[in-house]
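Comments concern the structure below.
What follows draws every value from the coordinates through simple rules; no lab data is involved. Quantities reported herein were computed from a predicted structural model and do not represent experimental measurements. Using ideal geometry, Cβ is built from the backbone for each residue, glycine included, and neighbour counts are taken over all protein chains shown.
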Amino acid sequence: QHQDWCVRDVAQVLGIPPANVTMHTTFAGGGFGRRLHVEIAAQAAHAARAVGRPIRLSWTRGDEFAQGYYRPAFAAKME
């Protein structure tokens, strides 16, 4: 989710124009929870720059939950 945010953040980390960032979107289900927060793209850009080649960065499910953002409780009544 939010590929445009990923492109923006990666471009900022690498100091290049967003037009020079290519995003390969995987069309798959399961985009729940932390998928709205894209800091993993910036982390991957930092790591790839450090090793000088493309990398794959994955968080464990536990890491995802540990770094989650807490939101206030919400209730709605609809008729």
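The sum of -39500 (n - 2.57) across all DSSP H runs of n ≥ 4, divided by the residue count of the chain, sets its helix-only mean residue ellipticity at 222 nm to -11500 deg cm²/dmol. Using a simple spin-label model with pseudo-atoms 7 Å out from Cα toward Cβ, residue 25 and residue 49 lie 2.6 nm apart. Taking packing as the residue-averaged number of other Cβ atoms within 10 angstrom, the listed peptides 12-20, 41-49 run from highest to lowest as 41-49, 12-20. Working from label points 7 Å from Cα in the Cα-to-Cβ sense, the residue 58 to residue 5 distance is 2.3 nm.
Need one number: the % of Cα-Cα pairs in region 36-79 sitting beyond the 15 Å mark. Please list the in-between numbers first.
Numbers: 570 of 946 pairs.
In whole percent, the share of Cα-Cα pairs in region 36-79 beyond 15 Å is 60.
Here the chain was treated as a single set of alpha-carbon atoms; its pair distances binned every 5 Å from 0 give 3, 12, 20, 23, 17, 11, 6, 4, 3, 1, 0, 0 percent.
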